[in-house]
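Comments concern the structure below.
The values are calculated or read from the model by the stated rules, or taken from the named source; none is laboratory data. Every value quoted in this text rests on a predicted model; they were computed, and no experiment measured them. Don't worry about glycine lacking a Cβ; one is built from the backbone with ideal geometry, like all the others, and counts go over all protein chains shown. When the accessible area is computed, the model is the full protein with side chains, heavy atoms only, and any ligands, DNA or RNA have been set aside. Shrake-Rupley method; radii C 1.70, N 1.55, O 1.52, S 1.80 Å.
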Amino acid sequence: MPEIFLAFDSDLTRTERLVDRSAPVRILLIGPQPDRQAFSDKKRTKLEVELNRRLPDIAFTILDEGAAPGLARDDFGRIRGAVERLSPDLIIWQVGAGDALAATDPDDFARTLEQAADWLRGRDIDLVLIDPPFVANVSHEHLYGRIVKQIDAVSDRERMNVVQQYGATNYLSSAKDPAGALKDGRTCLPELVAEAIVRAATR
């Protein structure tokens, strides 16, 4: 996987501090669609496995809020409530797919991301966004591309950390030998997320 898909724009300050002390790290997952959890059971387990494989001395706890509305404004409300109840150290937020399909106003979407970033920054909680996947040969793909560009623009302004699932899955789907990497680019998400987080937390 090219380095561009594994590099974050800024530090995961709280997570790095905990890793340096070999302290537990609580990770909250917020997912994108009303009929799915943030990660399937299999992928959620895989994320824990991949994090622990890379940092075996750290106890990672995955907190899952379950099914999510999929719109950024609704997810932000869930994040605020979950922070009060669960006190996470790091939030992994799959964002944009619902807003793309709902044709959310780009400026409203951007404001929500900026507000969420500011709110979490004020509480010393790390945030990692995951943009939508690339899905070839579907009629609504252009909607995903539009929202991904908005996520890129906001993350550049706010120095937000993004796991570039769209770019990574596009890269894998167009690889000459996809079987040499993964048959389905989407199946690499837990590995991609774990690698990016560990690199940021240990640099």
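Run the numbers for residue 121 and residue 16: contour at 0.36 nm per residue of separation, minus the present Cα-Cα distance, in nm.
Details: separation 105, 0.36 × 105 = 37.80 nm, distance 1.47 nm.
That pair, residue 121 and residue 16, stretches by 36.3 nm at full extension.
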Exercise for the section: Kindly write out, for the range 19-28 in residue order, the coupling ³J(HN,Hα) from the Karplus curve 6.51 cos²θ - 1.76 cosθ + 1.60 (θ = phi - 60°), rounded to whole Hz, with x marking Gly and Pro. Expected result: 4, 4, 8, 6, 8, x, 10, 9, 10, 9
Handout entry: Label-point separation, residue 86 to residue 135 (7 Å along Cα→Cβ), nm
Key = 2.4
Completion exercise
Of 155, 22, ordered by accessible area with the largest first and a 1.4 Å probe, the sequence is 22, 155
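Quote the FRET efficiency, to the nearest 0.05, computed for residue 156 versus residue 73 with a Förster distance R0 of 22 Å and r equal to the Cβ-Cβ distance.
On the way: r = 21 Å, r/R0 = 0.97.
Step by step, r from the Cβ atoms, then E = 0.55.
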Handout entry: Pairwise label distance in nanometres, residue 114 with residue 203, each label 7 Å out on the Cα-Cβ vector
Key = 2.5
